[in-house]
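Shown next, in structure tokens, is the structure this report addresses.
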Amino acid sequence: MFDQLLQLDHQLFLEINQRLANPFFDWVMPLFRNRYFWAPLYLFLIVFLVRNYNKYGWICIIFLLITFAISDFVSASMVKPLFERLRPCNAPDFKEEVRSLISCGSGFSFPSSHATNHFAIAVFLIVVFYHRWKPILPLALGWAFCVAFAQVYVGVHFPIDVTTGALLGSVVGYITGSTFLTLYTKQIWNTGN
């Protein structure tokens, strides 16, 4: 069963990494996984929260940072050392089949910290703002999915790595988002527009 799951994971990786290859994805996917590419989005989010929710906007930003810190710590410092799964581009029995578009890196692969962190932030934002702004659901999940998908496309993670990261991050985001709402629902909605 476990061997079949790994075989399916490898096959799905090759479908994404090789068979979906095209010049547009080759250009855009490395950007999607680059933290500097998303800097304008992060800046917009900070300005939006502070401008619309004053003090509670700052508290929301602190909760977002806590969400990121928890998700990154759990994925990178707790789970990865436990499993020690090699990245596809570093796996001796697989790396020759990988189309690497970026530097492979030396860290472990399972789970993807990029996927964990971005899904944690996305789900946090959904939990906090869905009540007021329904389009946050497809936008936040679409953004996190693009980042996770790019990890597979560029050759640094297997699909199971990003799927597990997405699930782990979603749990973290749900917990921190729910905690924020429990503490500040009345204040943030009475302050906001």
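Could you tally the net charge around A148, taking each other residue with its Cβ under 11 Å from the Cβ of A148, Lys/Arg +1 and Asp/Glu -1?
Spelling it out: positives minus negatives among the neighbours equals 0.
Before rounding to the nearest 500, sum -39500 (n - 2.57) across all DSSP H runs of length at least 4 in the chain and divide by the residue total; then give [θ] at 222 nm in deg cm²/dmol.
About -22500 deg cm²/dmol.
Which of V50, V152, V127 moves the most in a Gaussian network model of the chain with Cα springs under 10 Å?
Evaluated over the chain, the most mobile residue of the options is V50.
Which trypsin sites (Lys or Arg not before Pro) in the stretch 35-67 sit in a loop by DSSP (not H, G, I, E or B) and have at most 13 other Cβ atoms within 10 Å of their own Cβ?
R35
Say we join alpha carbon atoms closer than 10 Å with springs in a Gaussian network model of the chain; which of I175, I46, I121 then has the biggest fluctuation?
Per the Cα network of the chain with a 10 Å cutoff, I46 tops the list.
Find how much the distance from Y36 to N52 grows on full extension, using 0.36 nm per residue of separation minus their present alpha carbon separation; answer in nm with one decimal.
That works out to 3.3 nm of additional length.
Could you check which residue among F129, F48, F68 shows the biggest mean-square fluctuation in a GNM of the chain with a 10 Å Cα cutoff?
So, out of F129, F48, F68, the one fluctuating most is F48.
Note the per residue figure in Å³ for the convex hull of the C-alpha positions in the stretch 13-84.
Spelled out: Cα convex hull of the stretch 13-84, divided by residues, is 117 Å³.
Could you work out how much longer the chain between K95 and K134 gets when fully extended? Use 0.36 nm per residue separation minus the Cα distance between them, nm to one decimal.
9.8 nm
Taking the chain as a whole, which cysteines find no other cysteine Cβ under 4.7 angstrom from their Cβ?
C60, C146
Run the accessible area of the chain with a 1.4 Å probe and give the carbon-and-sulfur part as a rounded percent.
Carbon and sulfur together cover 68 percent of it.
With a Förster radius of 35 Å, plug the Cβ-Cβ distance of A69 and Q11 into 1/(1 + (r/R0)^6) and report the FRET value to the nearest 0.05.
0.50
The values are calculated or read from the model by the stated rules, or taken from the named source; none is laboratory data. No experiment lies behind these values; they were computed from the predicted model shown. Every residue, glycine as well, gets a Cβ built from its backbone with ideal geometry; the counts of neighbours run over all protein chains shown. The accessibility values were calculated without ligands, DNA or RNA, using every heavy atom of the protein model including side chains. Shrake-Rupley method; radii C 1.70, N 1.55, O 1.52, S 1.80 Å.
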